[in-house]
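Report on the structure given below.
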Amino acid sequence: MSFNPQNIAVLGASGAIGGAFKELLSKKYPDASLFAFSRDGENKIDYQDEKSIAEAVETATKEKPLDLVIVANGILHDGKLIPEKSLKDLSAENFNRVFEVNTITPALIAKYFLPKLNKQQESIFAVLSARVGSISDNQLGGWYAYRASKSALNMIIKNASIEVARSNKNAILVGLHPGTVDSNLSKPFQHNVPDGKLFKPEYSAEKLLEVLCKLTPKHTGKCFAWDFEEIAP
């Protein structure tokens, strides 16, 4: 489609990919309103407080509905939290933390932001997911909490796409796999990345924007990689 968003929101804008999206979108659509939300930025948001999420969407839609929402929150490791290699590594604390960031937060963002999407023209709500969330594609095992959190996220995207389509035929909800991006999230695991497959955040954002510009409502509820390959459930 010919996509020319006039009102954009980026959540998780202080992260590597979220920040790259913020910069790219501000240059690509200089006349658009762009609201970049993060815990520490100009537009502050507390992802653990629903009231804060509700206030964020009110800030972004005071003048017009949203044409594009990018949700770039995510966690893979953090201090003591590292991806599990086997069942013996599982802990309730790690599961709760990973699901809180990767699944619950995007779901609550969807709760408040999806009703504010533009209904008069095609609008997009895109969430960073991951190929490892694919159950059918899983050949290696491990990374229990992270894989499960992304699988659950993909189900939320699918569920929400069905519900939203009943009242907004122009809405497109998708998950996005950015590839392996050179960021703090991937840094401990980059030694296994093939040559040419470790992307700069700016490159990943550019490729994902190309994907977004190809979407139509028939793509809603699905998950796509940076090269527009559909990722199997």
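Quick rundown of the values:
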read-out	value
Only one of 164, 193 that is over 14 Å from the mean Cα position of the chain (by Cα), hydrophobic (A, V, I, L, M, F, W, C), modelled with pLDDT under 95 and at negative phi	193
Filtered residues of the stretch 1-28 (kept if in a loop (DSSP other than H, G, I, E, B) and among the hydroxyl-bearing types (Ser, Thr, Tyr))	2, 14
From the options 135, 162, 172, residue that is more than 25 Å from residue 66 (Cβ to Cβ) and either of a type in the set (Val, Ile, Thr) or touching a Lys or Arg at 6+ places or on another chain (Cβ under 7 Å) (or both)	135
Residue count, the stretch 46-66 (criterion: part of a loop (DSSP other than H, G, I, E, B), surrounded by fewer than 19 Cβ atoms within 10 Å (Cβ to Cβ) and touching a residue at least 40 places away in the same chain (Cβ under 8 Å))	4
Selected residue [buried (at least 22 other Cβ atoms within 10 Å of the Cβ), in contact with a Gly (Cβ under 6 Å, 6 or more places away or on another chain) and closer than 19 Å to residue 174 by Cα] from 74, 18	18
Residue check for residue 151: more than 30 Å from residue 26 (Cα to Cα), touching a helix residue (DSSP H, G or I) at 6+ places or on another chain (Cβ under 9 Å), at pLDDT 95 or above and hydroxyl-bearing (Ser, Thr, Tyr)	yes
Helices (runs of 4 or more DSSP H) wholly inside the stretch 67-173 containing at least 2 residues that are free of Cβ contacts under 8 Å to residues at least 40 places away in the same chain and not β-branched (Val, Ile, Thr)	92-99, 144-165
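For every residue, the table says whether it meets (1) touching a Leu at 6+ places or on another chain (Cβ under 6 Å); (2) of a type in the set (Gly, Ala, Ser); (3) over 23 Å from residue 209 (Cα atoms).
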residue: 12; (1), (2), (3): no, yes, no
residue: 39; (1), (2), (3): no, no, yes
residue: 55; (1), (2), (3): no, no, yes
residue: 72; (1), (2), (3): yes, yes, no
residue: 75; (1), (2), (3): no, no, no
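The values are calculated or read from the model by the stated rules, or taken from the named source; none is laboratory data. Remember, predicted model here, so these are calculated numbers, not experimental data. Positions of Cβ are backbone-derived with ideal geometry, glycine not excepted, and every protein chain shown enters the neighbour counts.
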